[in-house]
Amino acid sequence: RIGATSDALRRLLDGLLDISKLDAGAVSPSFERFPIQHLFDELAGEVDAIGDAAARVRFCPSSVWVRSDPALLRRIASNLLSNALRHAKTGRVV
C-alpha cells in the first residue's frame, strides 16, 4: 500500500509539472485513441491504494473509446476524482 501511495504521489507531482509546462507552451499533448475503461481501471487502482476511499468510489464499466493525451487526461480525471471525494455530500462517488 505504501508503494502504491508513493506512486500516486509521484504521478500527482509529475502532473503539476506537466501542467505548468503545458501552460508555458513547453509541451504539447500527444493524442491517441484508447478505451476509457483503461483510465477507469488505473484510477480504481489509485483509489484502492488510498484505502478508506475505495469503499466510497464506484466506476461504471464503459466500452467508450476516446482520443486524448492519456497522461494529461488521467491527471485531469484524478484531480476531479480527488475533488469529488473531498466534497461529496453523500460520501460516495460514482
With the first residue restricted to the range 70-94 and required to be farther than 15 Å from residue 41 by Cα, and the second required to be surrounded by fewer than 13 Cβ atoms within 10 Å (Cβ to Cβ) and modelled with pLDDT of 85 or more, Cβ contacts under 7 Å at 6 or more apart or on different chains are none
Residues of the range 85-94 being open to solvent by 60 Å² or more (accessible area, probe 1.4 Å) and assigned to a loop (DSSP other than H, G, I, E, B), in sequence order, are 89, 90, 92, 94
For the range 18-35, pairs from a residue that is farther than 9 Å from residue 69 by Cα to a residue that is of a type in the set (Val, Ile, Thr), with Cβ under 6 Å and 6 or more apart or across chains, are 21/27
Going through the range 62-84 in order, the residues found to be open to solvent by less than 60 Å² (accessible area, probe 1.4 Å), assigned to a helix (DSSP H, G or I), out of contact with any Gly (no Cβ under 9 Å at 6 or more places or on another chain) and among the hydrophobic types (A, V, I, L, M, F, W, C) are 73, 77, 81, 84
The one condition residue 68 fails out of (1) over 16 Å from the mean Cα position of the chain (by Cα); (2) at negative phi; (3) among the small types (Gly, Ala, Ser) is (1)
Scanning the range 1-40 residue by residue, the ones that are surrounded by 11 or more Cβ atoms within 10 Å (Cβ to Cβ), under 15 Å from the mean Cα position of the chain (by Cα) and part of a helix (DSSP H, G or I) total 18
Condition (residue is in a loop (DSSP other than H, G, I, E, B) and at pLDDT below 80) applied to the range 47-54: is it met by at least one residue?
yes
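The values are calculated or read from the model by the stated rules, or taken from the named source; none is laboratory data. None of the values given here were measured: they were computed from a predicted structure. Every residue, glycine as well, gets a Cβ built from its backbone with ideal geometry; the counts of neighbours run over all protein chains shown. Heads up: the accessible areas ignore ligands, DNA and RNA and are worked out on the full protein's heavy atoms, side chains in. Shrake-Rupley method; radii C 1.70, N 1.55, O 1.52, S 1.80 Å.
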